[in-house]
Amino acid sequence: MLADIETEVAIVGAGPTGLMLACELALAGVETLVLEKLPRPIEQVKGGAIQPRTAELLELRGALEPLLHRAVLRDAAGGHFAALPVPLDCTPWQTKHPYPIAVPQWEIEEVLEERATAAGVRVLRGTAVSGVESDDDGVVVTADGLQVRARYLAACDGGHSSVRKLLGLAFPGRPGTHQAVLADIRLSTVSSLVPQQMGHMSTLTRQGGGYWAMLAPLGGDRYRFTFGQTEQGDTDRDTPIVHEEIATALRAVYGHETTLGTVDNASRFTDATRQLEHYRAGRVLFAGDAAHIHPPLGGQGLNLGIQDAFNLGWKLAATVQGRAPSGLLDSYHTERHPVGAQVLHHTSAQRVLADPNPSEDLAALRDIFIDLLRLPDSNRHIAGLMSGLSLRYPLSGDHPLNGQRMPDADLITEAGPTRLSTLFGSGHAVLLDLAETVPADLRLPPRVDLVQASCTDDLGAAALLIRPDGYVCWAADSSTAHEKTLLAAIATNIAELP
C-alpha cells in the first residue's frame with residue numbers, strides 16, 4: 001500500500017507519554033512522527049505531579065531542569081497515600097528528589113515537544129486516526145485522509161485509545177462507579193478556607209455541603225479544582241460542565257466569600273480500572289493510558305506513562321536499528337505490565353480508603369492505616385511504591401543489584417568530578433568501572449559507554465552495567481574481571497555483540 005509519509009516509528013498521541021517516547025527514539029537516531037488529533041495544545045493542568053523516580057529519569061536526559069523552572073511553588077512535603085495525613089518519606093531511598101514536583105501537564109508537554117522537535121521529530125496536529133492496518137513489515141495508519149507507513153506504531157493516545165479500538169482489543173477491568181470533575185479555574189475572591197500554597201494532599205482537601213473537593217493553588221488567581229458529591233448522583237459523564245456547577249461546589253466547600261471568576265477548562269472523570277492483557281500486538285505497542293487506566297489517586301498516571309516510555313524507547317530504537325538481542329522488545333510487556341497491574345491494585349485500595357463518605361468500619365480502617373504509615377518501615381515501603389523508587393525489574397543474574405535502579409552518585413573521572421546521572425544524556429547504556437575491573441580494550445557494542453571512575457559512596461559493586469533507563473542488569477563485586485558474564489549480560493539485555 002502506498003503511503004503519503006513513510007517513517008520508522010509513528011506515535012499516536014502527543015501527551016507526556018507519546019512525547020517522551022518521541023524524545024527517546026529521536027535521541028537514538030530513529031525517524032519518528034507523532035500524530036495528534038487535537039489541532040493545538042490545550043493548557044490543562046491535569047496530572048501535574050512528577051514523582052521522585054520520574055524526576056530521576058528526566059534528569060538522566062537533562063530534561064528535568066527546564067521543568068523545575070516551571071514548577072509551582074509547594075511545601076517540602078512528601079507524597080501521599082489515599083490523601084491520608086501522613087507525608088511519605090522518600091529519603092531512605094537515596095534520591096536527590098524526595099518530594100513530588102508540581103508542574104502543570106501542559107507545561108510538561110510543551111517542554112517535551114520542544115525537545116522532540118529540536119531532535120528532528122515531526123508532530124502533525126489535527127490528524128485523528130481512523131484506520132490501522134498491519135502486516136509483517138510494518139503498519140499503515142490512516143489519519144484524516146493521510147496515510148502513514150511505519151515499521152512500528154506506538155499507541156499513546158489515552159484511555160479512549162482510537163488505536164486500541166480500531167484493532168478490536170479488549171480492555172478488561174472494572175467500569176467507573178464514582179464520578180468527579182477536574183477544572184482549571186480562576187477565583188475572583190477567596191475565603192480563609194482557600195489554601196495559599198501547594199502542600200501535602202491532606203491539607204488541600206475539604207468537605208462541605210454534600211461535596212468533597214481539592215483546591216490546589218497554581219499561582220496568582222489560578223487553581224486546579226477537583227470535586228465530586230459525597231453521595232453520587234445520576235449525572236451522565238457526557239453532560240456539559242457549566243459555570244454554575246463549579247461555582248456551587250466552590251461555595252459549598254469554601255464558603256460564599258469564595259467566588260468563581262473564569263473556567264479555563266473542565267472535564268469529568270471516573271474511577272474506572274482497566275488494563276490491556278498484552279502491551280504489544282504485532283508491530284503495534286501500547287503505552288500510558290492507552291494500556292492502563294485507574295483511579296487518579298496518588299499522582300500515578302502521568303508518571304506511569306512516562307516510565308513506560310523510558311522502558312520502551314531504547315528497546316524499540318534498538319529493534320528498529322537491528323542491534324537488539326532476541327526478545328528485547330517483548331521485554332517491554334514483560335517488565336511494564338506487572339508495574340501497571342500493581343498501580344491498578346494500590347489505586348483501588350486508595351479509592352476505598354479515600355471514600356468521602358466512609359462507614360464506621362472504614363473510618364476505623366483509615367485510623368489503623370494512618371498509624372501504620374507513621375511507622376518508619378511501613379512508610380518507607382509505601383513511599384517506595386508510590387514514588388516508583390522501589391521498582392525492581394525481574395532481570396536474570398544472581399547479583400542483588402540486578403534489576404534495581406541505580407541512585408545518582410558523585411563520581412570522579414579522568415575529566416573531573418561529575419554525577420552518575422550526567423552519563424546518560426546520550427541515551428546509551430553505561431558500563432561503570434569503579435575498580436579497574438574491565439579491560440580498557442574490551443570491544444563493546446555501539447551505544448554502550450565504558451566509564452572508569454571512583455566514588456566515595458559504596459555503590460554495592462566494583463563494576464556495573466546500567467541500562468539506558470537507569471536499571472542495573474549486571475554487577476561484579478571483586479576487582480577480578482568477569483568478562484564472560486559481562487558480555488553475556490550485554491548480549492542478553494542491551495545489544496548484540498560486535
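The values are calculated or read from the model by the stated rules, or taken from the named source; none is laboratory data. Fair warning: this is a prediction, and the values are worked out from it, not measured in the lab. Cβ coordinates were reconstructed from backbone atoms using ideal geometry, including for glycine residues, and neighbour counts include every protein chain displayed.
A few comments on the model shown:
- Screening LEU395 against (1) buried (at least 17 other Cβ atoms within 10 Å of the Cβ); (2) more than 18 Å from GLY299 (Cα to Cα); (3) modelled with pLDDT of 95 or more leaves a single unmet condition, (3).
- Residue in segment 15-27 that is without any contact (Cβ under 8 Å) to a residue 60 or more places away in the chain and small (Gly, Ala, Ser) present: no
- Considering only residues in segment 413-433 that are of a type in the set (A, V, I, L, M, F, W, C) and modelled with pLDDT of 95 or more, the one that is nearest to LEU58 (Cα to Cα) turns out to be PHE424.
- Taken together, the residues in segment 160-184 that are of a type in the set (S, T, N, Q) and either assigned to a strand (DSSP E or B) or surrounded by fewer than 16 Cβ atoms within 10 Å (Cβ to Cβ) (or both) amount to 2.
- Taking first residues from segment 356-375 that are closer than 20 Å to ARG206 by Cα and partners that are of a type in the set (D, E, K, R), the Cβ contacts under 8 Å between residues at least 6 apart in sequence or on separate chains come to ASN357/GLU231; PRO358/ARG366; LEU362/ASP355.
- Some residue of segment 394-402 being of a type in the set (Gly, Ala, Ser), more than 23 Å from ILE101 (Cα to Cα) and outside the structural domain of GLN207 (by TED's automatic domain parsing): yes
- Pairs where the first residue, in segment 166-191, is at positive phi and the second is in a loop (DSSP other than H, G, I, E, B), C-beta under 8 Å, 6+ apart: GLY173/ALA272
- Filtered residues of segment 441-462 (kept if within 26 Å of LEU27 (Cα to Cα) and free of Cβ contacts under 8 Å to residues at least 24 places away in the same chain): LEU450
- Selected residue (only one of LEU187, LEU218, LEU193 is under 25 Å from VAL72 (Cβ atoms), crowded, with 21+ Cβ neighbours inside 10 Å and not assigned by TED's automatic domain parsing to the domain that holds HIS80): LEU187
- For segment 305-327, the tally of residues that are out of contact with any strand residue (DSSP E or B) (no Cβ under 7 Å at 6 or more places or on another chain) and of a type in the set (A, V, I, L, M) stands at 5.
- Any hit, segment 44-51, residues being surrounded by 23 or more Cβ atoms within 10 Å (Cβ to Cβ), assigned to a helix (DSSP H, G or I) and either among the charged types (D, E, K, R) or touching a His at 6+ places or on another chain (Cβ under 9 Å) (or both): no
- Subset of segment 185-224 [out of contact with any Ser or Thr (no Cβ under 6 Å at 6 or more places or on another chain), among the hydroxyl-bearing types (Ser, Thr, Tyr) and not in a strand (DSSP E or B)]: SER192, SER202, THR203
- Here PRO240 meets the list (1) of a type outside the set (Asp, Glu); (2) in contact (Cβ under 8 Å) with a residue 24 or more places away in the chain; (3) farther than 20 Å from ALA154 by Cα almost entirely, failing just condition (2).
- Restricting segment 335-387 to residues that are touching a Gly at 6+ places or on another chain (Cβ under 9 Å) and of a type in the set (Ser, Thr, Tyr) leaves a set whose member that is surrounded by the most Cβ atoms within 10 Å (Cβ to Cβ) is SER387.
- Boolean, GLU245 is exposed (fewer than 13 other Cβ atoms within 10 Å of the Cβ), over 17 Å from ARG351 (Cα atoms), not assigned by TED's automatic domain parsing to the domain that holds ASP355 and not aliphatic (A, V, I, L, M): no
- Complete set of residues in segment 259-279 that are assigned to a loop (DSSP other than H, G, I, E, B), at pLDDT 95 or above and either out of contact with any helix residue (DSSP H, G or I) (no Cβ under 8 Å at 6 or more places or on another chain) or surrounded by 18 or more Cβ atoms within 10 Å (Cβ to Cβ) (or both): LEU276, GLU277, TYR279
- Filter result for THR95 (of a type in the set (S, T, N, Q), touching a helix residue (DSSP H, G or I) at 6+ places or on another chain (Cβ under 9 Å) and in a helix (DSSP H, G or I)): no
- Taken over segment 189-228, the residue count meeting the criterion of being touching a strand residue (DSSP E or B) at 6+ places or on another chain (Cβ under 6 Å), polar (S, T, N, Q) and within 17 Å of GLN179 (Cα to Cα) is 2.
- Strands (runs of 3 or more DSSP E) contained entirely in segment 99-159, each with at least 2 residues that are surrounded by fewer than 18 Cβ atoms within 10 Å (Cβ to Cβ) and out of contact with any Leu (no Cβ under 7 Å at 6 or more places or on another chain): 129-134, 146-155
- Flag: PHE310 does not match the condition of being under 23 Å from the mean Cα position of the chain (by Cα), outside any helix (DSSP H, G or I) and of a type outside the set (Asp, Glu).
- Boolean, PRO295 is in contact with a Lys or Arg (Cβ under 6 Å, 6 or more places away or on another chain) and not charged (D, E, K, R): yes
- Qualifying residue in segment 287-300 (condition: outside the structural domain of PHE225 (by TED's automatic domain parsing) and surrounded by fewer than 18 Cβ atoms within 10 Å (Cβ to Cβ)): no
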